[in-house]
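Rule-based calculations on the coordinates, nothing more; no lab input. Everything numeric in this text was worked out from a predicted model, so none of it was measured. Here the Cβ positions follow ideal geometry from the backbone for every residue, glycine too, while neighbour counts run over all protein chains shown.
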């Protein structure tokens, strides 16, 4: 199919996104002590350059530079994508924690950290990096999806600081959106991993951004691709999860994507074919939490993340079902166990987890 025909088809389908289980702007105040704990973890890393894991294509000797030279805004927190969602965490907590309950010094520290990061000169360098040779797939799809979540958060927040930060970030947003729109029609298959390259998680965040930004063409494109990849999926092997390094559930994240797209009754029917064994008796033990045997191992600690992301998946799936659906109690019961286990694992003890887990916990507890 020619690209022009493909785009015409998805523009025709834009109306399908209306009336679905689309997210609403949610302001859920988090416990101030928890917010402070999570914020401190992000403040500790957003400007910490080392240790650092870069995914960097060198085109010549001149490309052998430090992370802060390569991308001077999102160089901290061990890797680019964690730096992005670390900044999102700070914005989200600043927005959702009542001013009267957040210590003034912490609020000011967060504001100063974001002002330090979000500069026109820094974003210009980030744009140049993204537009560099052999970098069209940089941080695709995970990191760029988190970047769009960051700008979606800023778009929704009626605060002068947020609007100033958004204006600074818009040049990079424009480049990233153009890359996504170019990539999506070429993607022949869903990416069903439990780690960064998974397409379902990224599609969900990108679709949330498209609706917040009122980018109907991109919303329609994501809706079309999601339906093409997943509308006919059946019997997802949830019993095979998690894999040993997962932080995203392929099955549950797919359901969390499809609840954004399908009307409530259609989603309930689709879920019956996709996860036919969901219990209807309210029990919580049908989905065991992920086990982390060594939280100092950067890959093994991913399972703390899968507990947090599963918790929000399960809650979102339950919220998207009709109120009388008998699967809701078991979904929520399992979500509570995963949330309790995941939040308890968020600590400053090991940088392998502290540089990113608080972002997942914040996404969960603020009901993003």
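At 7 Å along Cα-to-Cβ for each site, give me the label-to-label distance between residue 231 and residue 65 in nm.
In this crude spin-label approximation the distance works out to 4.5 nm.
Sort out for me the Cα centre separation of the range 135-164 from the range 37-85, rounded to whole Å.
16 Å
For Rg and Dmax of the Cα atoms in Å, the choices are (1) 18.6, 54; (2) 19.1, 58; (3) 19.9, 63; which was calculated from the structure?
Structure-derived value, by its label: (3).
Could you check the spin-label model distance between residue 100 and residue 178? Points 7 Å from the Cα along Cα→Cβ, value in nm.
4.7 nm
For residue 163 and residue 344, FRET efficiency with R0 = 30 Å and r from the beta-carbon atoms, rounded to 0.05?
0.25
Which FRET efficiency value, to the nearest 0.05, do you get for residue 269 and residue 239 by plugging their Cβ-Cβ distance into 1/(1 + (r/R0)^6) with R0 = 25 Å?
On the way: r = 22 Å, r/R0 = 0.88.
That pair, residue 269 with residue 239, gives E of 0.70.
How many angstrom lie between the Cα centre of the range 197-236 and the Cα centre of the range 263-288?
The distance from the Cα centre of the range 197-236 to that of the range 263-288 comes to 21 Å.
Pull out the extension gain between residue 214 and residue 112, defined as 0.36 nm times the separation in residues minus the alpha carbon to alpha carbon distance; nm, one decimal.
The span from residue 214 to residue 112 would gain 33.7 nm if fully extended.
So what's the back-of-envelope 222 nm ellipticity for the chain, counting only DSSP H runs of four-plus at -39500 (n - 2.57) apiece and dividing by all residues, rounded to 500?
The helix contribution divided over the chain gives -18000 deg cm²/dmol.
What's the exposure ranking of 239, 107, going from fewest to most Cβ atoms within 10 Å? Please report the intermediate quantities before stating the final value.
Values: 239 8, 107 15.
Neighbour counts put them in this order, fewest first: 239, 107.
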